[in-house]
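Peer 1: My questions will all concern the structure given below.
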Amino acid sequence: MQAAGLGVLILPELRYRLTGQDADPYFCWWLGVLFLLAGIIGRVWQQGLSPWKEWLRVIAVAVIIIALAVILATPSRAAPLAGIPATEAETLQIAVPFIAKEEGKRNKAYLDAVNVPTICYGSTRGVRLGMVLSDQECLALLWKEVAEHRNGLHRYFTPATIIVRLPPTRDAAYTSTAFNVGVGGIGKSTATRRLNAGDIAGGCQALTWFDKAGHRVLRGLFERRKREKALCMLSAS
C-alpha cells in the first residue's frame, strides 16, 4: 500500500515530463494519501497492537497526514491574474500628448534647468547646442523616446503589476515621470516598489517626490508631479 501510494504520487509527474500529458493532480494526491494511510493502518493491524495508546498514535499520524493533504491539495484562494495588459499603442496615445504638453516644444537646442543641452520635447540624447529640428522630427522623436522609456520601465514591474495594476492611464503616468527623471530612477524607486506590492495609491503618491532639480524643489516639477499623480490614480483599483 505504501509503495502504491508513492507510485501514485510520483508516476503522474514522470508521465508529464515524458509525454507532456498531465493527470488530475487532486485525484492522484488523494488516492496516494489513502494508499499511504491504508499501509500504515494495515501494518499496525498485522502487528497486533492492542493497547489503546498505540492506536491513538496511529490515529494521530493519520490525522496529521490528512490535515497536510487538505492544506496541500486545496487550491489557492488567491485571486487569479485576470486582466488585459495595456498595449504600447494605448499607453502612447495618452502619454505622448501628456508629455508633449508638460515638456513644451523648442525646435532649437537649449540648456535646461540643470544646464543639459535639450531639444524638442525634452530630448537630451546626442543633443548639442545649435541643433534645429522640424515639428515632425520632434514629434517622431518624442514617440520613439516615450516608447523606449515605457519598455525600459516595464522591466522593473512584476507580471501581476503589468496585468492588473497598470491600465493605460497609470502606465502613462509612470512613463511620463520616467521620461523626465530617468528609467532607472523610477524603476528602482519607492513608487515602483509600492505598485509591485499592490499599493496603488502609495505608488502614485511616491511619484510626487520627484519634484527637485539641483537639490531644490522646482515649482514646475511640483505641479507636473501633481498632474502625473492625478493621471496615475485614474482607474484606481
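The values are calculated or read from the model by the stated rules, or taken from the named source; none is laboratory data. On a predicted model such as this, the values are computed, not experimentally measured, just so you know. Cβ placement follows ideal geometry from the backbone for every residue including glycine, while neighbour counts extend to all protein chains displayed.
Peer 1: Take segment 76-93 and flag every residue that is part of a loop (DSSP other than H, G, I, E, B) and either modelled with pLDDT of 55 or more or not charged (D, E, K, R) (or both).
Peer 2: Ser76, Ala78, Ala79, Pro80, Leu81, Ala82, Gly83, Ile84, Pro85, Ala86, Thr87
Peer 1: Looking only at segment 190-202, which residues are more than 12 Å from the chain's Cα centre (by Cα) and crowded, with 22+ Cβ neighbours inside 10 Å?
Peer 2: Ala191
Peer 1: Could you give me the residue pairs with C-beta distances under 8 Å whose first residue belongs to segment 135-154 and is in contact (Cβ under 8 Å) with a residue 60 or more places away in the chain, whose second residue is among the hydroxyl-bearing types (Ser, Thr, Tyr) wherever it lies, and which are 6+ apart or on separate chains?
Peer 2: Within 8 Å, the pairs are Arg150/Thr91; Arg150/Thr175.
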